[in-house]
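The block underneath contains the structure these notes are about, expressed in structure tokens.
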Amino acid sequence: MSSYLVAFFVGKLESRTSQTSDGTRFEVWARPEVISQTKYALDTGPRILEFYNKLLGVKEPLPKQDIVALPKFVANALENWGLISFGLFCHSSGKSRRYYPTQWSIDLLLSWILYIRLNLLPYLCRKIPICVGYSVSSVILKTVTGYYLLRMLNHSLGEKTFLDGCRKYVLNNSLKTVDQHDLWNVLTEQAHLDQAIPRHLHLADMMNSWTTRAGYPVINIVRNYTTGNATLRQTESLWWIPVTYTTQSRPNFYSTKPKIWMTPHDYEKQLAGLPGEEEWVLLNIQATGLYRVNYDHKNWELLSNYLNSEKYEEIAVLNRALLLDDALNLARVGQLPYRPPVDFYVQQLVARQFKEFGFLPHKNSSYLNGLLHKEIVRWACQTGLHECIHTAQEFFNKWTKGSPITFPRSIRAIVYCAAVQYGGPTQWNALWKLFRNSTSSTERNTILLGLGCSQDENILKSYLDWAVQSSPSDCFMAFKAVASSDIGFAVAKDFLFNSIESSRAITTIGKLYLPEILEILTSRMNQPKHLQELEKLERKHKDKFQASSTSIKQMKERITYNIQWIENNYKDISNWLQSTIS
């Protein structure tokens, strides 16, 4: 047993208790004033634990599982054996409904399986930062990468083979010291038994191309529309890549086992028997592979036209999203002109969607429709749609004046932001009063983001003045909110740089949040003068940035990239907008 798995907690807490069907005690601890908010965790936790017991065929080895909710918790969660600790958040919003299946599931799985010291996920997360074009580790959370690789492996081997191998691994290695190769050996044995991969292949060789190399591959596909063949090429480093594909005339979005593998020895791979020049080809079915796909111009055009036709739903929804995501990210790094992704993006106007969905979510709508509704309302208000802004202001004004009217938490942040953005000091002060009176960590964070939506520079400066005298976490939320708008960006940048000069912000923000705040700012910096300002600040205050030298280097790379992006794409997008609007 590793010593880092042992933990204890000291504090004035109350608890609520439940248990699994097989008698494992499940206890949630929190401060007395928020203990009433633990019901969801108490109901859901045992069910998730039972799910993993059944899935992997081994009972939870401990007789109890403690969950501790902490205020002002810097990490998202810590998974010690029998003691999971995490920051407070509200379960009723759409955001936290997403958070529970991911955070709770992986926390409970890890706390349950750590008794055999399964360190695969942390290993993968450390080894594989996801980024395209420039080295900024937060482009996608590193943690997600490990999960994605296991998902890719699951689809490549087949779910039965993958789960049977995992069960053998758990049963054979209980209370033993293991590393990733032990897992690869067991999965390879099971895959050979089920004939999921050829007998001469070993998963250790295949997965090492992913676990020892940063980033992920891009597959470029160039079709020969006369012969029906196509050439697949990897870019830069070479991976083992499971390739799945389907075609317009024979669409199949259910079979996710690889049709071919690209190997580290294959710079190119040939496909044959593809349809003619009037039909598209689509790779990476259901986004089961951790790679992007860049098609030739004609195939992008065929896909774009199909997505804009009445038949668009014949392409699986996950692949529709993946096409847009691939196109936008490839365009960001200059591998694709911006016209195709912009055409994808403007399939339907926000106004028409807003009219269909309305401002308030429907009570019986599905979870996915709830997420879609939230995005539609957010973009409608953010882009200045009158109906959205007017409704948000009405709700806010009635609510702050004591009306019993309520609105869902899923759109509360949108209402706060719209009321402050299109209001004045009265609305800002009303929201500030709500913040001072709130005891919910989630609600306070939502309000902090809303307060930063003001378009009044003096209000924003006063807000940041307060922020650098508050807690580090509140200070970070305030800077994040202010820096998110065009007006607020300049205010936040100047304020932070001046605060660093006078050392006002350093004590409050601390080493933890300063790089994150700078990264938020640098994501919007796209002019040579911005790069010069950061370099000047770094030279003048080397002692303050010494611990963040790697982050500063990445930020400068990002600004340089942004400058190049403006130079390469501004005219194209400007011309497209003018031709579309006129």
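The values are calculated or read from the model by the stated rules, or taken from the named source; none is laboratory data. Because the structure is predicted, anything quoted here is derived from the model rather than measured. Every residue, glycine among them, receives a Cβ derived from its backbone with ideal geometry; neighbour counts consider all protein chains shown.
Brief remarks on what is shown
- Residue match in region 384-400 (condition: among the hydrophobic types (A, V, I, L, M, F, W, C), within 21 Å of the chain's Cα centre (by Cα) and either modelled with pLDDT of 85 or more or under 28 Å from Gly87 (Cβ atoms) (or both)): no
- Consider region 48-68 and keep the residues that are touching a residue at least 24 places away in the same chain (Cβ under 8 Å) and basic (Lys, Arg). The one that is farthest from Gly165 (Cα to Cα) is Lys64.
- The set of residues in region 197-218 that are touching a Lys or Arg at 6+ places or on another chain (Cβ under 8 Å) and either more than 30 Å from Asn299 (Cβ to Cβ) or at pLDDT 95 or above (or both) comprises Thr211, Thr212.
- Taken as a whole, the condition of being assigned by TED's automatic domain parsing to the domain that holds Cys453, at pLDDT 80 or above and in a helix (DSSP H, G or I) applies to Leu518.
- Annotation: Val144 fulfils all but one of (1) under 30 Å from Arg524 (Cα atoms); (2) at pLDDT 50 or above; (3) in contact with a helix residue (DSSP H, G or I) (Cβ under 8 Å, 6 or more places away or on another chain); the unmet one is (3).
- Cβ-Cβ under 8 Å pairs, at least 6 apart or on other chains, region 514-536 side of a type in the set (Asp, Glu), far side crowded, with 18+ Cβ neighbours inside 10 Å and not in a helix (DSSP H, G or I): Glu519/Val136
- Leading residue by the ranking (modelled with the highest pLDDT) among those in region 1-17 that are in contact with a Phe, Trp or Tyr (Cβ under 7 Å, 6 or more places away or on another chain) and surrounded by 15 or more Cβ atoms within 10 Å (Cβ to Cβ): Leu13
- Set side by side, the residues Leu328, Leu324, Leu282, Leu303 differ, and just one is assigned to a helix (DSSP H, G or I) and closer than 26 Å to Leu153 by Cβ, which is Leu324.
- Residues that are under 17 Å from Glu394 (Cα atoms) and of a type in the set (A, V, I, L, M, F, W, C) within region 415-433 comprise Val415, Cys417, Ala418, Ala419, Val420, Trp428, Ala430, Leu431, listed in sequence order.
- Residue, farthest from Ser440 (Cα to Cα), within region 1-40, restricted to residues that are part of a loop (DSSP other than H, G, I, E, B) and basic (Lys, Arg): Lys12
- Matching residues in region 286-303 - criterion: being within 18 Å of Arg332 (Cα to Cα) and either hydroxyl-bearing (Ser, Thr, Tyr) or at pLDDT below 90 (or both): Tyr291, Tyr295, His297
- Per-region count, region 361-389, residues closer than 21 Å to Gln427 by Cα and not in a helix (DSSP H, G or I): 3
- The one condition in (1) loosely packed, with under 15 Cβ neighbours inside 10 Å; (2) over 32 Å from the mean Cα position of the chain (by Cα) that Leu201 fails to fulfil: (1)
- Helices (runs of 4 or more DSSP H) contained in region 528-582 and holding at least 3 residues assigned by TED's automatic domain parsing to the domain that holds Ile517 and at pLDDT below 80: 542-545, 549-581
- When each of Leu171, Leu153, Leu157, Leu187 is tested for being surrounded by fewer than 21 Cβ atoms within 10 Å (Cβ to Cβ) and of a type outside the set (Lys, Arg), the lone residue that passes is Leu171.
- Residue match in region 390-413 (condition: outside any helix (DSSP H, G or I) and crowded, with 19+ Cβ neighbours inside 10 Å): no
- Look at (1) modelled with pLDDT of 90 or more; (2) surrounded by 18 or more Cβ atoms within 10 Å (Cβ to Cβ) and you find that Glu314 fails only one, number (2).
- Flag if Phe479 is modelled with pLDDT of 90 or more, crowded, with 23+ Cβ neighbours inside 10 Å and either out of contact with any strand residue (DSSP E or B) (no Cβ under 8 Å at 6 or more places or on another chain) or not assigned by TED's automatic domain parsing to the domain that holds Ser499 (or both): yes
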